[in-house]
Ligand SMILES: [Zn+2]
């Protein structure tokens, strides 16, 4: 397999990884599970977690599972608004808590330093997520078959005759590069704080 073909496969993988709304289902076979409804979460025999979102059966990665909890860890208010979700993802607290703290810090003159550190922290967290995502892909890429499915029927199956070892090696190289970057930036961030 030539280099260009490998690059095409990797581009496809990236596209797949970036699709969050119409998620691609990997390795699903029809008739494997009991009838499930929107929002159900269950585990298959391999211990993989599944859900149905927007009518599409899809795997739940550890990254998705750890997202917004029901209650703000700081004030225990129920987090329901989309501002809460955004606020929780970046600051780890509900929107009200975040606004209150910002107002207080602006008043005390500590806001700018805090905001800068927060930006760095978010960037580092994003890097960590990306590394975990690539690692997950590296660990599960062994079966190069993508099933594009809606609720009941399979829309398309792609089978690729690809050099998996080469793709894995490329992914490992990417992971290593990002890990180095992460370590370097983490050191800088720690020196700043
Ligand atoms: Zn709160």
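Worth a mention:
- Yes/no for residue 119 being in contact with a helix residue (DSSP H, G or I) (Cβ under 6 Å, 6 or more places away or on another chain) and either in a helix (DSSP H, G or I) or touching a residue at least 40 places away in the same chain (Cβ under 8 Å) (or both): no
- Residues that are within 8 Å of the ligand (Cβ to nearest atom) and part of a loop (DSSP other than H, G, I, E, B), drawn from region 94-110: 94
- Residue in region 50-68 that is part of a loop (DSSP other than H, G, I, E, B), at pLDDT 75 or above and more than 10 Å from the ligand (Cβ to nearest atom) present: no
- Restricting region 79-93 to residues that are more than 10 Å from the ligand (Cβ to nearest atom) and free of Cβ contacts under 8 Å to residues at least 12 places away in the same chain, the residue that is surrounded by the most Cβ atoms within 10 Å (Cβ to Cβ): 86
The values are calculated or read from the model by the stated rules, or taken from the named source; none is laboratory data. Everything numeric in this text was worked out from a predicted model, so none of it was measured. With ideal geometry, Cβ positions are generated from the backbone for all residues, glycine too; neighbour counts draw on all protein chains shown.
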